[in-house]
């Protein structure tokens, strides 16, 4: 299961259930995907198909919605 946390423009932010316990979010874009760790600060874990500009945009979206993402993580995973 991969519940969508939110959509922002062409970006879809979501989690994979039971992937790993460290807080992170996946970001999908028509050109590819990225995964960002959220702590101790937002930083790129992996990226496939996104150029550097799109990775920066995706990271900016994650940073703008960090509170919502963190809240959704704790609600979904019960942590």
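Quick look at the numbers
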item: Mean shadow area of region 34-73, taken as a quarter of the surface of its Cα convex hull (nm²); result: 2.7
item: Packing-based exposure ordering (other Cβ within 10 Å, fewest first) of 33, 57; result: 33, 57
item: Between helix 52-64 and the chain: long-axis angle, C-alpha atoms, 0 to 90°, nearest 10; result: 30
item: Full-stretch length increase - residue 8, residue 31 - with 0.36 nm per residue and alpha-carbon distance subtracted; result: 6.8 nm
item: Helix-only [θ]222 nm of the chain, DSSP H runs n ≥ 4, -39500 (n - 2.57) each, per residue, nearest 500; result: -10000 deg cm²/dmol
item: Residue order, fewest to most beta carbons within 10 Å, for 25, 42; result: 42, 25
item: Simple label model, 7 Å out from Cα along Cβ direction - residue 19 to residue 60, nm; result: 2.3
item: Residue list for region 6-37, given a label point 7 angstrom along the Cα-to-Cβ vector of residue 77 and an amide N cut-off under 14 Å; result: 14-26, 36-37
item: Relative contact order %, the chain, counting alpha carbon pairs below 8 Å whose residues are six or more apart; result: 21
item: Cα long-axis angle, helix 66-77 against the chain (0 to 90 degrees, to the nearest 10); result: 50
item: Ascending count of other beta-carbon atoms within 10 Å, so fewest first, for 14, 77, 36; result: 77, 14, 36
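Every read-out reported here was derived from the displayed coordinates using simple, explicitly stated rules and does not represent laboratory data. Treat the numbers as computed from the prediction; the structure is a model and nothing was measured. Positions of Cβ are backbone-derived with ideal geometry, glycine not excepted, and every protein chain shown enters the neighbour counts.
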